[in-house]
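Before any comments, here is the structure.
The values are calculated or read from the model by the stated rules, or taken from the named source; none is laboratory data. The shown structure was predicted, so the numbers you read here are calculated from the model rather than taken from an experiment. All Cβ positions, glycine included, derive from the backbone under ideal geometry; neighbour counts span all protein chains shown.
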Amino acid sequence: MPYKIGERIKLKREELGLSQAELAKLCGWPTASRLGNYESGSRRVSAEDATLLAEILRVTPAYLLFGESGTVIQDSFNYPILSADHLLNSEDLTEEKFKNLPSPIKAGERAFWFEVVGHSMTSPFGMKPSFPEGMMVLCDPDQKPKPGNFCLIKLKQENDISLKKLSKEDGIFWLEPLNLSSRYKPLSLNDSIEIVGKILMASWPAAYLD
């Protein structure tokens, strides 16, 4: 068995059939350069990143960091796919009528997948992160987003659900789009907007539906 951390990461990544770019995306990293440095041994793996990688690669952090035997393969975690109608109409979300998708990340009991609609969170070509229409995002209502995090919001006046980046400037919280088109405007966080939950990860649905 490979004895270096980077070699263990690469081994488990290849066993799951993931490219460096795909694994980096699951980790929420904008590029695969950090992962490439980890696998080559040119960068030290932090304990936080080892924990995240272990969840996705379905191994224990101890295995990645130290190569300990008795590795426990972790199960994936399933969460329902909810639409804007489900969230706006306050349906009973505990009913077993929703289609589920797995996630390598363990989230809260109320976590759910949401399909991105529209183009407000599509970054200019080549820029990351970007959340094009059709991408799935995992939202956890039990986690409060901080400035710099992405979150789902409920627009009470428009009766709609939207994905935005939470920012703070001069003591004021803003909700920003990633699309630089003049069509999409930042929103001030006020009483007409409710934060639904923090976005933990994003992925194309094909990665789970094969």
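Candidates Lys165, Lys146: the one that is modelled with pLDDT of 95 or more and in the same structural domain as Ile195 (by TED's automatic domain parsing) is Lys165. As a summary of the residue check, Pro141 satisfies the conditions (1) more than 16 Å from the chain's Cα centre (by Cα); (2) over 19 Å from Trp29 (Cβ atoms) except for the one numbered (1). Among the residues of segment 75-83, at least one is modelled with pLDDT of 90 or more and surrounded by fewer than 18 Cβ atoms within 10 Å (Cβ to Cβ).
Considering segment 124-204, the qualifying strands (runs of 3 or more DSSP E), each wholly inside and each with 3 or more residues that are surrounded by 13 or more Cβ atoms within 10 Å (Cβ to Cβ), touching a residue at least 60 places away in the same chain (Cβ under 8 Å) and touching a Cys at 6+ places or on another chain (Cβ under 7 Å), run over 193-203. Could you tell me which residue of segment 87-106 is farthest from the chain's Cα centre (by Cα), considering only residues that are modelled with pLDDT under 90 and closer than 18 Å to Met135 by Cβ? Here the residue is Lys99.
Keeping to segment 5-24, report how many residues are of a type in the set (A, V, I, L, M, F, W, C), more than 13 Å from Ser40 (Cβ to Cβ) and in contact (Cβ under 8 Å) with a residue 24 or more places away in the chain. Before the answer, list the steps.
As a first pass, look at segment 5-24 and keep what is of a type in the set (A, V, I, L, M, F, W, C): 5, 9, 11, 16, 18, 21, 23-24.
Filter again for more than 13 Å from Ser40 (Cβ to Cβ), leaving 11, 16, 18, 21, 23-24.
Checking which are in contact (Cβ under 8 Å) with a residue 24 or more places away in the chain leaves us with 16, 23.
Residues flagged as of a type in the set (A, V, I, L, M, F, W, C), more than 13 Å from Ser40 (Cβ to Cβ) and in contact (Cβ under 8 Å) with a residue 24 or more places away in the chain within segment 5-24 amount to 2.
Looking only at residues in segment 12-35 that are in contact with a helix residue (DSSP H, G or I) (Cβ under 9 Å, 6 or more places away or on another chain) and over 25 Å from Ile199 (Cα atoms), the one that is modelled with the highest pLDDT is Lys12.
Note on segment 1-41: residues that are outside any helix (DSSP H, G or I) and among the hydroxyl-bearing types (Ser, Thr, Tyr) amount to 3. Residues in segment 42-55 that are among the polar types (S, T, N, Q) and part of a loop (DSSP other than H, G, I, E, B) were compared, and the one that is surrounded by the fewest Cβ atoms within 10 Å (Cβ to Cβ) is Ser42.
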